[in-house]
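Just below is one structure, and these are the notes that go with it.
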Amino acid sequence: MEIEEHLLYTKEHEWVNIDGDEAYVGISDYAQNSLGDITFIELPSVDDEVEQFEELASIESVKAASDIFSPMSGRILEVNEELEENPGLINKSPYEKGWVARISLSDLEEKNNLMTSEEYEKFLESAG
Amino acid sequence: MSTHAQLLKTPLFDEHVRLGAKMVPFGGWDMPVQYAGILDEYAQTRQQASLFDISHMGEFIIQGDLMKSGLDRIVTQRLSDLPVKSCRYGGMLNVDGGVIDDLIVFRLEQDKWFIVVNGATIDKDAQQFKNQLTQDAQFDDVTFHTAKLDLQGPLSREVLKQHVPGVENLAYYTFDFFNFLGENVLISRTGYTGELGYEVYCPWDRALEYWQILMQDERVEPAGLGARDVLRLEVGYGLYGHELNEDISALESGLNRFIDFDKDFIGKAALQGQQDAGVPRKLVGLVSRSRRSPRSEQQIYTEAGEVIGVVTSGSFSPHLERGIGVGLIDQRHAVQGQAVMFGTERSRAEAEISSKIFYKNGSLKS
């Protein structure tokens, strides 16, 4: 399972890539692999406000439906519209082409509630 | 539910793990849900050939005269005119007309029958047969002697005939015994995918040899229960525990074609009563307007928000590139083309009521 080093992770297997007061968010390689072939995503709307660990998007694989939770609070600046036609991008490239949303962060302190890549790796080992 | 505390394993369990399958509990069995991925396995089956381990399904042998044994009244399908070496699909009902199981009856000889039932219901099915068969019948549960490998897909005939000459002559829903790896093996031209396909009933303790010899063919890939579920849903086949159960009458499930009302069978009186009074619910197809898929147990609503039924199965359809499903709804709303919603109180999506057959161009009868 691939874990990108410079990202922060949630226990629900989302990642966040913080750059100043903005961030890209998505789901981890572990998450996409567990879900299997992703067939649908309902993205948030630009300018929506999201709260840390609250619902950001809903996602479906062939077999199941689940939610993606926002790793941090903020306002949606941009969503990855390519996923609407090609949700399988999340399977192919969970950390890059499969990003879900770009967020304007409202509270940088919230990153203390997230795991580093080392911590996430240990979390996966203990869960597995 | 299964009486076994732990999950049962097919003789191919270790092979599935070796092939990197994701294993999941299914009807009391530890089964491969996918190998390469559901969409790849789906495409492989629609375009080439896939091998499925279906050894969790139950097999019974009944010896006895059709009428004297009691077999005829235990199942709904007509068996009196079933030729030897043919098989027929139908149901086994409770007295209320609910479905104890759906099953296929094979006529091995004039007075010898092979019954294939679902894996999750083996114990209760065996019980029903034992309770209802007369002393003129001999009943044997051969589930744990019989592995079942399904080879499905448009190339399945070309693949199988290389190992089993003559198999190419089997017509749809017929079977025969063939010499395969030195054993007398029952092979039927049946399946659960909507494609040309065969089901190979081989000895449990040699299942791996059969699996491996079929897998050696480069046109064949393994497929799991995930792909199988999408394949069967696209062609409108019911899944026991979803479209069929003891609380849904056989008429509501749309089994009409597989019920012989000219004979006596358990549940017949209840079904006739329901026919006279009107069948309250009906299974219908659902086509989502988007890639969002209906999911089992979600509600079905009118556009005005009135609950009219429940989703029994749902999936993404690779063929339609949309969500599809089957729902059990109030008969009054079962109108094709009708706009409905599916989902939960919190989140709903639009769909249209349709035929349950979403994919019509399979190689099934080619």
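The values are calculated or read from the model by the stated rules, or taken from the named source; none is laboratory data. All values derive from a computational prediction rather than experimental measurement. Heads up, the Cβs are rebuilt from the backbone with ideal geometry, glycines too, and the neighbour counts pull from every protein chain shown. Ligands, DNA and RNA are excluded from the accessible area calculation, which covers all protein heavy atoms including side chains. Shrake-Rupley method; radii C 1.70, N 1.55, O 1.52, S 1.80 Å.
Quick one: pull the percentage of alpha-carbon pairs in segment B:280-366 with a separation above 17 Å.
Value for segment B:280-366: 40 percent of Cα pairs lie more than 17 Å apart.
Filter the GluC sites (Glu not before Pro) in segment B:139-230 to those in DSSP coil with at most 16 other Cβ atoms within 10 Å of their Cβ, and list the result.
B:GLU218
How big is the B/A interface in buried accessible area, both sides summed, 1.4 Å probe, to the nearest 100 Å²?
For B against A, buried area totals roughly 1300 Å².
Heavy atoms only, 1.4 Å probe, whole protein assembly: order B:TYR210, B:TYR359, A:TYR24 by accessible area, highest first.
In descending accessible area the options line up as A:TYR24, B:TYR359, B:TYR210.
Given the options B:PHE175, A:LEU56, A:PRO87, identify the residue whose Cα lies farthest towards the positive end of the charge dipole of the protein assembly as shown (+1 on Cβ of Lys, Arg; -1 on Cβ of Asp, Glu).
B:PHE175
When a/c reaches 1.5 or more, the comparison of a/b and b/c decides; with that in mind, is segment B:45-191 rounded, prolate or oblate per its Cα gyration tensor?
prolate
To the nearest whole number, what is the average tally of beta carbon atoms from other chains within 10 Å of the beta carbons of peptide B:314-321?
3
For every helix of n ≥ 4 consecutive DSSP H residues, a contribution of -39,500 (n - 2.57) applies; sum these over chain B, divide by its total residues, and give [θ] at 222 nm rounded to the nearest 500 deg cm²/dmol.
-5000 deg cm²/dmol
Enumerate the lysines that B:LYS22 could reach by cross-link, defined here as Cα to Cα under 20 Å, with residues fewer than 8 away along the same chain left out.
Candidates past the 8-residue exclusion: A:LYS63, A:LYS92, B:LYS9, B:LYS148.
Rounded to the nearest 500, what is chain A's calculated 222 nm mean residue ellipticity when only DSSP H runs of at least 4 contribute -39500 (n - 2.57) each, over all residues?
Calculated mean residue ellipticity at 222 nm is -5000 deg cm²/dmol.
Counting only residues 5 or more places away or on other chains, whose amide H sits under 5 Å from the amide H of A:ILE38 once H atoms are built in the peptide plane?
Hits under the 5 Å cutoff: A:ASN91.
For segment B:108-147, state what percent of all Cα-Cα pairs lands in each successive 10 Å bin, counting from 0 Å until the bin that includes the largest distance.
Values per bin, smallest distances first: 24, 58, 18.
Taking chain B as a Gaussian network, Cα atoms linked when under 10 Å apart, which of B:LEU286, B:LEU170, B:LEU233 shows the biggest mean-square fluctuation?
Fluctuation is largest for B:LEU170.
Convert each backbone phi in segment A:3-16 into a coupling constant with the Karplus relation 6.51 cos²θ - 1.76 cosθ + 1.60 (shift: θ = phi - 60°), then list the ³J(HN,Hα) values in order as whole Hz, x for Gly and Pro.
Karplus-based 3J(HN,Hα) across segment A:3-16 equals 10, 6, 6, 8, 9, 10, 10, 9, 5, 8, 6, 8, 10, 9 Hz.
Amide H of A:ALA57 versus every other amide H placed in the peptide plane: which residues, excluding those fewer than 5 positions away on the same chain, fall under 5 Å?
A:ILE68
If packing is taken as the average count of other Cβ atoms within 10 Å, what order do B:56-65, B:297-306, B:310-319 fall into, highest mean first?
B:310-319, B:56-65, B:297-306
Within the accessible area of the protein assembly as shown, what % is carbon and sulfur when the probe is 1.4 Å and the other protein chains stay in place?
In the protein assembly as shown, the share of accessible area belonging to carbon and sulfur is 45 percent.
Per residue of A:32-40, count partner chain C-beta atoms within 10 Å of its C-beta, then hand back the mean as an integer.
5
Once phi is turned into θ = phi - 60°, what whole-Hz ³J(HN,Hα) does the Karplus curve with 6.51, -1.76 and 1.60 give for every residue of segment B:101-110, x standing for Gly and Pro?
With coefficients 6.51, -1.76 and 1.60, one gets 6, 9, 7, 10, 9, 9, 9, 6, 9, 3 Hz.
In sequence order, what are the phi-derived ³J(HN,Hα) couplings for segment B:31-37 according to the Karplus relation 6.51 cos²θ - 1.76 cosθ + 1.60 with θ = phi - 60°, rounded to whole Hz, with x for glycine and proline?
Residue by residue, segment B:31-37 yields 10, x, 8, 6, 10, 6, x Hz.
So if I restrict to the alpha-carbon atoms in segment A:1-97, what is the Rg, and what is Dmax, the biggest pairwise distance, in Å?
Over segment A:1-97's Cα set, Rg and Dmax evaluate to 12.4, 38 Å.
Distances over 39 Å make up what percent of all Cα-Cα pairs in chain B?
That fraction is 14 percent.
Quick check for you: with a 1.4 Å probe and neighbouring chains kept, what is the accessible area per residue of the protein assembly as shown, in Å²?
Here the residues of the protein assembly as shown average 44 Å² of exposed surface.
Can you give the translational diffusion coefficient of the protein assembly as shown in µm²/s, computed by Stokes-Einstein from the Kirkwood radius over Cα pairs at 10 °C and 1.306 mPa s?
Answer from the Stokes-Einstein relation: 65 µm²/s.
Which listed residue (B:GLY28, B:HIS56, B:LEU71) has the Cα farthest towards the positive end of the charge dipole for segment B:1-135, taking +1 on Lys and Arg C-beta and -1 on Asp and Glu C-beta about the Cα centre?
Most positive-ward Cα: B:LEU71.
Report the Cα centroid-to-centroid distance between segment B:278-292 and segment A:35-113 in angstrom, as an integer.
First find each Cα centre; the distance between them is then 30 Å.
Within 10 Å of each Cβ in B:109-117, how many Cβ atoms from other chains are there, averaged over the peptide?
0
Counting pairwise Cα distances across segment A:6-54, what percent come out greater than 12 angstrom?
That tail contains 72 percent of the Cα-Cα pairs.
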